[in-house]
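One structure is given below, encoded as C-alpha cells.
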Amino acid sequence: MTDMKVEIDLHENAVYMIREGELVKVDVPGDGYGKQVITWQGGKPTHYEVSYTKK
C-alpha cells in the first residue's frame, strides 16, 4: 500500500469521513439546529444524512 496524504484547512469547522481511500467532506446542516448521521456497514461508512430543525 502506498502512503496517501491530503491537506485540510484546520481553520474551517467541518466534518470529514474517509470512504474507500478518499476524503469526503460531509455536508453542513442548513439554518437552525442540525445533525449529521454517518451509517456504517461491515466496518465501513456507507452513507450519511444531514438534517436540521428551525425554531
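Values in this text are rule-based calculations from the coordinates and carry no lab data. Treat the numbers as computed from the prediction; the structure is a model and nothing was measured. Every residue, glycine among them, receives a Cβ derived from its backbone with ideal geometry; neighbour counts consider all protein chains shown.
Please go through the chain and pick out each residue that is among the polar types (S, T, N, Q) and assigned to a strand (DSSP E or B). Across the chain, the qualifying residues are GLN36, THR39, GLN41, THR46, SER51, THR53. Among residues of segment 5-39 being among the basic types (Lys, Arg) and exposed (fewer than 11 other Cβ atoms within 10 Å of the Cβ), the one that is nearest to LYS54 (Cα to Cα) is LYS35.
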